[in-house]
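The values are calculated or read from the model by the stated rules, or taken from the named source; none is laboratory data. It should be emphasised that the depicted structure is a prediction, and the values quoted were computed from it without experimental measurement. FYI the Cβ positions are ideal-geometry reconstructions off the backbone, even for glycines, and counts take in every protein chain you see.
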Amino acid sequence: MRYSLKLSDSLKWVVPFFALVTFSVSAAAVPVQLENATATFSQGPFGGCPCPPSEAIDGIFAGTPSLPNGWAINRFPGDFSLSETAVFQTVPDLGPSLLTFTMYFNDPNPGHLLGRFRLSVTTDDRSTYADGLPVGGNVTANWTVLTDLTLDGPAEMTFTNLPDDSVLASGDVPGQGIYEVSAATYLSGITGFRLEALEDPSLPQDGPGFYPPNGNFVLSEIQLDAAPIPEPATLALLGLALAGMGWARRRMYRFVGALANERSRSRAVTCLAALGFALFSALTTAQATPISFAFTGVVQNVAPALSGTFQPGDAFSGSYTFESTTPDTDPSAGLGLYANAISGLTFTIGSYTGGADCSAGSCDIAVTDGGPGDCALTDCYVVTVSHPTGPSVEGVLPTSFGLSLLDGSGLALSSDALPLIPPDLSNFPITFFGVNFDDFAFGVQGQLTSLTLQAAGTVAEPSVLFLVAVAFLGLAVQRRRLAPAAKAALF
C-alpha cells in the first residue's frame, strides 16, 4: 500500500531526497479462512448442480463437465439469472487491512465468468447474519462498500469502477479466468464480506454473468488475503510533524535576516530528520508473518501404563505456530519438507499440558501430494515435533508429538506447497494425533476434529513517539543553530 503526503512549500527542497515524502507501508499478506457461506439464491439440482456458495470456499478450484463446483445462480424453469448476493464470514476478526480477493472462474464449460459485482465488509456480530443457507439465506448486515478498488484479470478484459462502487467487466471473455481485487479498509473488527452479483444491460441476457445463453457464472473458488496497514492517525501525525517543522522554520527566518549559512544548516537538519524517518520506516517494514493453526480432537486409545492420567474421551486441543516463508528442503516432486518450520507448540490432553522445545530437535511440517516418502502416492499433511515438553507421566517424559492427515485417493491436496490455510479435515479420511511417552509407542492417540486458523497477527504501527521525537529534535537543533544570530539581530 502506498500513501503520499505533500510537503509545505518551505520544505520543497527535500523533494530530491524524499520524492514528495512518499510513505511506503508494507506488510505480509495473510490468508484468511472463510466459513458460513450464505446466499440469496443458488442454482438447484440441474445442469450438474446444486451449486451453493459453500462450494466456493471448499478448496476445490474446478469441477468437471458433468459436475460443476462453485457458486452459480441460473434459474429453472426459464433459464435466466438475476442479481444475487453471497456473504462469507471470516474466522478471525480483521483490523485495518489491504484486502485482496482472488476469484477463480474455472468451470470446464467455458464463458462462466462474472460480469458485474460489488464487494462490502461488515463488523456485525457473526451470530446476526450468514446462516449458511444456499437459498433465502440471511445476508442482512451493516455493510460498508469497498471503494477505490484495484483490479487485475485476464489480459483480454477491461474492468471499470462504476459510480455505485460496483465493477463492470468487458472485452474479450476467455473460457476461464481469475480476478484479483484489492481494496484498503480502516475498519476494525471485520467479521465478513458480501459479494453482490449484479445485472447489467451490457451483459448477455442482462447478466450478471457472461455465459451467453442465460447470463450465469460459476465462482469456482474465492480466497481472501489481508495485509495489515497503519491507521490514518499515524499518517496525519507525520504530516503535522513535517508541517510544524516547516512553520517553525519560516517563523525563525522572519526573525533573522540574511543567514545563508545558518539556513543551509537548518535545511540539512530537517533533511536528516526526514531521511531518519525514511530509514525508520524501512527498518520497521513488516516481515513474513508467523501463522498459527489451532486444533482440537478426542482421545481414542491410551497405553495401559498411562491410564492413571489419560482416558479415552479426553479432550485434546492446542495450537502451533510456523513461519510462512519456510523453504522446501526436499527437491522431490510432490513432496515438501519444511524443516523446523514450527516455532511454537502448546497442547492439552485432559488436564495435562505440554509444549515443544524446537531448539533441541526437529519441529517439521511435511506435505505430500502423491510424491515419495512415508506417504508415498497419497496426499498427507504431517506435523512432527521430536522434543515435546511437559511433566512426566508414570516416570517418563513425552518424547514425540505428531499430527497426521491422510487421504489415500490423492485428491485432498493440489500441491506440496506449505499450506497457509488449514487443510480441510473433511477431505482426509484419516485425521490422527499422537503423543509418545518413552517406550509407550504413541501412548496417547486419537482423532483430530478441527484444524483452524487463529486470528491473524497485527503489524505494529510506526512509533508515534518516534514521529514526535523527530519533529522536536529538528526544531531543537534549529533553535540552537539560530539562537546566536537571532540574539544579535534583537540586541
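Structural remarks
Yes/no per residue for (1) among the basic types (Lys, Arg); (2) out of contact with any strand residue (DSSP E or B) (no Cβ under 6 Å at 6 or more places or on another chain); (3) closer than 30 Å to Val396 by Cα; (4) at pLDDT 55 or above:
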residue: Ala417; (1), (2), (3), (4): no, yes, no, yes
residue: Val435; (1), (2), (3), (4): no, no, yes, yes
residue: Phe440; (1), (2), (3), (4): no, yes, yes, yes
residue: Ser463; (1), (2), (3), (4): no, yes, no, no
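- Any hit, region 327-347, residues being over 23 Å from the mean Cα position of the chain (by Cα), buried (at least 19 other Cβ atoms within 10 Å of the Cβ) and modelled with pLDDT of 95 or more: yes
- Region 113-131, subset of a type in the set (A, V, I, L, M) and assigned to a loop (DSSP other than H, G, I, E, B), residue nearest to Tyr211 (Cα to Cα): Leu113
- Conditions (1) surrounded by 20 or more Cβ atoms within 10 Å (Cβ to Cβ); (2) farther than 19 Å from Ser54 by Cα; (3) at pLDDT 95 or above; number of the one not met by Val173: (3)
- Answer from Ala305, Ala356, Ala366 - the residue that is surrounded by 16 or more Cβ atoms within 10 Å (Cβ to Cβ), modelled with pLDDT under 90 and under 16 Å from Gly434 (Cβ atoms): Ala305
- Of the criteria (1) surrounded by fewer than 20 Cβ atoms within 10 Å (Cβ to Cβ); (2) in a loop (DSSP other than H, G, I, E, B); (3) at pLDDT 90 or above, which one Leu411 fails: (3)
- Pair list, Cβ < 9 Å and 6+ apart or interchain, from region 356-385 residues that are more than 21 Å from Ala333 (Cβ to Cβ) to residues that are surrounded by fewer than 20 Cβ atoms within 10 Å (Cβ to Cβ) and of a type in the set (D, E, K, R): Cys363/Asp357; Val385/Asp357
- Residue match in region 196-208 (condition: surrounded by fewer than 20 Cβ atoms within 10 Å (Cβ to Cβ), in contact with a Ser or Thr (Cβ under 8 Å, 6 or more places away or on another chain), of a type in the set (Ser, Thr, Tyr) and in contact (Cβ under 8 Å) with a residue 40 or more places away in the chain): yes
- When residues in region 60-82 are screened for being part of a loop (DSSP other than H, G, I, E, B) and either over 19 Å from Ala130 (Cβ atoms) or without any contact (Cβ under 8 Å) to a residue 60 or more places away in the chain (or both), 15 of them pass.
- Here Gly137 meets the list (1) modelled with pLDDT of 90 or more; (2) among the small types (Gly, Ala, Ser); (3) touching a Lys or Arg at 6+ places or on another chain (Cβ under 8 Å) almost entirely, failing just condition (3).
- The set of residues in region 190-212 that are over 20 Å from Leu99 (Cβ atoms), in a loop (DSSP other than H, G, I, E, B) and out of contact with any His (no Cβ under 9 Å at 6 or more places or on another chain) comprises Glu199, Asp200, Pro201, Ser202, Leu203, Gly207, Pro208, Pro212.
- Criterion violated by Ser97 - all others in (1) within 21 Å of the chain's Cα centre (by Cα); (2) of a type in the set (S, T, N, Q); (3) surrounded by fewer than 23 Cβ atoms within 10 Å (Cβ to Cβ) satisfied: (3)
- Selection from region 132-189 of residues that are small (Gly, Ala, Ser) and assigned to a strand (DSSP E or B): Ala169, Ser170, Gly171, Gly177, Ser182, Ala183, Ala184
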